[in-house]
Amino acid sequence: MERVTAPAPALSPAADGAAPGTGPVLGPLRIGPIVVETPVVLAPMAGVTNRAFRTLCREAGASGGDDPGLYVAEMVTSRALVERNPEALRIVTFGADETPRSAQVYGVDPVTVREAVRIIVAEDRADHVDLNFGCPVPKVTRKGGGAALPWKRDLFTAIVRGAVEAARPYGVPVTVKMRKGIDDDHLTYLEAGRIAEDLGVAAVALHARTAAEHYSGTADWSAIARLKETVTSVPVLGNGDIWSAEDAVRMVRETGCDGVVVGRGCQGRPWLFADLAAAFAGRPERVRPGLREVATTIYRHGELMIEYFDGDEGKGMRDLRKHMAWYLKGYAVGGDARRALAMVSTLAELRDLLDALDQDAPYPGEAAEGQRGRAGSPKTPHLPYGWLDSRELDAEHEERLREAELSVSGG
């Protein structure tokens, strides 16, 4: 894949006083005993960050620097893990060469979350556990889960405490990923950050939007800066609107955060991690793939998907389909070819469709950059009746929460 030298971004001086662009932009990220030289985390995304996609991202990151970063598996629900659901166990099964292994747990019942974390650490399934308090999906928030949960501070406290206590004997660090709050009138992130820090988490990450904003508008990076001022003893990670390596460096410069979490920006673009590794090392080169290189990556992704699903070609190809529009964003590929790729069913068919593309087509420039996925529009959060009446959990809401552990995307 072609690497080109792009104009060096306007970087702030490194911590050691090095001039912009001549040395590391930021020091290593330390999450408990884990040290990540490139302070970048792949955000867990349901249906996206499985082992196949993580492999592509790690390989790209390693090609851009000495350390590939931290790559979090797609979210697993605590209830499904405790019940030994086969798909849940697949999610927390890592490749032999994956290190450190990072899993994200979603749950609303402190007892179940504690047990799920205990299973992960006692069975040596991961080296790091993240807790999801950022999901804005209505079918979760309407039952008090995800980004709605920190509003009930006693529940938030109980879940975080239980997870940290379950992981501590095994030396596995626990982190928290959250949003600013439910909406601008019900912000929770500063209080939640302080609680999590006091309970012994190893880091906190903030997606700088509220649940009401979903993925719309512009992430409020100033909130990341405020959280960094509030949480002082553990790393604070920033998330939201990182579409390029330059965005990541700018977030660090503007907020003082200790690292970045990249989600939608890498969809269909695992080579973004090579750019990030170079940028944080203070180097100007960036990956600008032509269509041939993109096609090669798509085919390898397909092979890895089949391997991930234990040789089930049909299942692997169906899962790959969602990635096609992301991979081909901005490239001169006709509608018929795009539709065919979005319906691919076998690896041989994938090979034929990719070979039929004009693989000599160069990198299309700005058309391939920028926002990935659908931003949508602000939405009134769906919450349990009376959820906002009190910061404490009552018996009725506690019962409803037991139904909220669903396999949905994180936030």
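The values are calculated or read from the model by the stated rules, or taken from the named source; none is laboratory data. Quantities reported herein were computed from a predicted structural model and do not represent experimental measurements. All Cβ positions, even for glycine, are placed from backbone atoms using ideal geometry, and neighbour counts span all protein chains on display. The protein model used for the area step is the full one, side chains on, heavy atoms only, and it has no ligands, DNA or RNA in it. Shrake-Rupley method; radii C 1.70, N 1.55, O 1.52, S 1.80 Å.
For LEU357, state whether it is of a type in the set (A, V, I, L, M, F, W, C), in a helix (DSSP H, G or I) and at pLDDT 95 or above. Show your work before the answer.
On the way: of a type in the set (A, V, I, L, M, F, W, C): yes; in a helix (DSSP H, G or I): no; at pLDDT 95 or above: yes.
No; evaluated as a whole, the condition is false for this residue.
Somewhere in segment 264-271, is a residue touching a helix residue (DSSP H, G or I) at 6+ places or on another chain (Cβ under 9 Å), at pLDDT 95 or above and on the phi > 0 side of the Ramachandran plot?
Within segment 264-271, one or more residues are touching a helix residue (DSSP H, G or I) at 6+ places or on another chain (Cβ under 9 Å), at pLDDT 95 or above and on the phi > 0 side of the Ramachandran plot.
Working carefully through the options GLU98, GLU74, GLU59, GLU37, find the one that is touching a residue at least 12 places away in the same chain (Cβ under 8 Å), acidic (Asp, Glu), surrounded by fewer than 19 Cβ atoms within 10 Å (Cβ to Cβ) and closer than 19 Å to LEU237 by Cα.
Numbers: GLU98 fails: closer than 19 Å to LEU237 by Cα; GLU74 fails: surrounded by fewer than 19 Cβ atoms within 10 Å (Cβ to Cβ); GLU59 fails: closer than 19 Å to LEU237 by Cα.
Going through GLU98, GLU74, GLU59, GLU37 in turn, just one is touching a residue at least 12 places away in the same chain (Cβ under 8 Å), acidic (Asp, Glu), surrounded by fewer than 19 Cβ atoms within 10 Å (Cβ to Cβ) and closer than 19 Å to LEU237 by Cα: GLU37.
Among the residues of segment 280-335 satisfying the criterion of being among the acidic types (Asp, Glu) and more than 21 Å from the chain's Cα centre (by Cα), which is surrounded by the fewest Cβ atoms within 10 Å (Cβ to Cβ)? It would help to see each step written out before you state the result.
Our first condition is that a residue be among the acidic types (Asp, Glu); within segment 280-335, this holds for 285, 293, 303, 307, 310, 312-313, 319.
Restricting the remaining residues to those that are more than 21 Å from the chain's Cα centre (by Cα) gives 285, 293, 303, 307, 310, 312-313.
Values: GLU285: 16, GLU293: 16, GLU303: 14, GLU307: 15, ASP310: 9, ASP312: 14, GLU313: 16.
For segment 280-335, the residue satisfying everything is ASP310.
With ALA367, ALA332 as the choices, which residue is among the aliphatic types (A, V, I, L, M) and out of contact with any Asp or Glu (no Cβ under 8 Å at 6 or more places or on another chain)?
ALA367
When you check THR232 against the structure, is it surrounded by fewer than 20 Cβ atoms within 10 Å (Cβ to Cβ) and under 22 Å from PRO44 (Cα atoms), yes or no?
Values: surrounded by fewer than 20 Cβ atoms within 10 Å (Cβ to Cβ): yes; under 22 Å from PRO44 (Cα atoms): no.
So THR232 does not fit the description; no.
Against the conditions (1) outside any loop (DSSP other than H, G, I, E, B); (2) of a type outside the set (Phe, Trp, Tyr); (3) surrounded by 12 or more Cβ atoms within 10 Å (Cβ to Cβ); (4) under 26 Å from the mean Cα position of the chain (by Cα), where does GLU366 fall short? Just the number, please.
(3)
Looking at segment 149-178, which of its residues are hydroxyl-bearing (Ser, Thr, Tyr) and assigned to a helix (DSSP H, G or I)? Steps first, answer last, please.
As a first pass, look at segment 149-178 and keep what is hydroxyl-bearing (Ser, Thr, Tyr): 157, 170, 175.
Those that are hydroxyl-bearing (Ser, Thr, Tyr) and assigned to a helix (DSSP H, G or I): THR157, TYR170.
Considering segment 162-216 alone, what residues qualify as being closer than 20 Å to SER390 by Cβ, of a type in the set (Val, Ile, Thr) and free of Cβ contacts under 8 Å to residues at least 60 places away in the same chain?
THR188, ILE195
Take VAL129 and decide whether it is among the β-branched types (Val, Ile, Thr), open to solvent by 10 Å² or more (accessible area, probe 1.4 Å) and at pLDDT 95 or above.
Numbers: among the β-branched types (Val, Ile, Thr): yes; open to solvent by 10 Å² or more (accessible area, probe 1.4 Å): no; at pLDDT 95 or above: yes.
No: the conditions fail for VAL129.
From the residues in segment 270-307 that are of a type in the set (D, E, K, R) and in a helix (DSSP H, G or I), which one is nearest to SER345 (Cα to Cα)?
If we filter segment 270-307 for residues that are of a type in the set (D, E, K, R), which is where we start, we get 275, 283, 285-286, 288, 292-293, 300, 303, 307.
Subsequent filtering for residues that are in a helix (DSSP H, G or I) retains 275, 292-293, 300, 303, 307.
Values: ASP275: 32, ARG292: 21, GLU293: 22, ARG300: 15, GLU303: 13, GLU307: 15 Å.
Going through the qualifying residues, I end up with GLU303.
Name the residues in segment 122-148 that are farther than 24 Å from PRO381 by Cα and in a loop (DSSP other than H, G, I, E, B), would you?
GLU123, ASP124, ARG125, ALA126, ASP127
How about segment 205-221: which of its residues are more than 17 Å from the chain's Cα centre (by Cα) and under 18 Å from GLY145 (Cβ atoms)?
ALA212, GLU213
Restricting attention to segment 243-261, which residues are outside any helix (DSSP H, G or I), open to solvent by 10 Å² or more (accessible area, probe 1.4 Å) and closer than 20 Å to ALA277 by Cβ?
Initially, segment 243-261 is screened for residues outside any helix (DSSP H, G or I), giving 243-244, 256-261.
Remaining after also requiring open to solvent by 10 Å² or more (accessible area, probe 1.4 Å): 243-244, 256, 258.
Matches in segment 243-261: TRP243, SER244, ASP258.
Given the conditions (1) crowded, with 24+ Cβ neighbours inside 10 Å; (2) at pLDDT below 95, which single one is not true for ASP67?
Condition (1) is where ASP67 drops out.
Of the residues THR22, THR49, which is at pLDDT below 90, in a loop (DSSP other than H, G, I, E, B) and either within 27 Å of ASP310 (Cβ to Cβ) or of a type in the set (Ser, Thr, Tyr) (or both)? Outline the logic, then answer.
Values: THR49 fails: at pLDDT below 90.
After applying the criteria, what remains is THR22.
Can you find, within segment 369-389, the residue that is least open to solvent (accessible area, probe 1.4 Å) among those that are without any contact (Cβ under 8 Å) to a residue 12 or more places away in the chain and in a loop (DSSP other than H, G, I, E, B)?
At the first step, the residues of segment 369-389 found to be without any contact (Cβ under 8 Å) to a residue 12 or more places away in the chain are 385-386, 389.
Next, only the ones that are in a loop (DSSP other than H, G, I, E, B) stay: 385-386.
Numbers: TYR385: 193, GLY386: 23 Å².
Ranking the candidates gives GLY386 first.
With respect to the numbered conditions (1) aliphatic (A, V, I, L, M); (2) within 24 Å of ALA203 (Cβ to Cβ); (3) out of contact with any helix residue (DSSP H, G or I) (no Cβ under 8 Å at 6 or more places or on another chain), which one is the sole condition not fulfilled by ALA96?
Every condition holds for ALA96 apart from (2).
What pairs come out if I take residues in segment 105-126 that are open to solvent by 40 Å² or more (accessible area, probe 1.4 Å) and pair them with residues that are assigned to a helix (DSSP H, G or I) and among the charged types (D, E, K, R) whose C-beta lies under 8 Å away, six or more apart or interchain?
ARG114/GLU165
If you take the residues in segment 336-351 that are open to solvent by less than 40 Å² (accessible area, probe 1.4 Å) and part of a helix (DSSP H, G or I), which one is farthest from GLN371 (Cα to Cα)?
Applying the filter and picking the extreme gives LEU347.
Tell me yes or no: at least one residue of segment 2-19 is over 24 Å from ALA208 (Cβ atoms) and modelled with pLDDT of 65 or more.
No, because not a single residue in segment 2-19 is over 24 Å from ALA208 (Cβ atoms) and modelled with pLDDT of 65 or more.
Looking at segment 137-156, which of its residues are open to solvent by 10 Å² or more (accessible area, probe 1.4 Å) and more than 19 Å from GLU197 (Cα to Cα)?
Across segment 137-156, the qualifying residues are VAL137, PRO138, LYS139, ARG142, LYS143.
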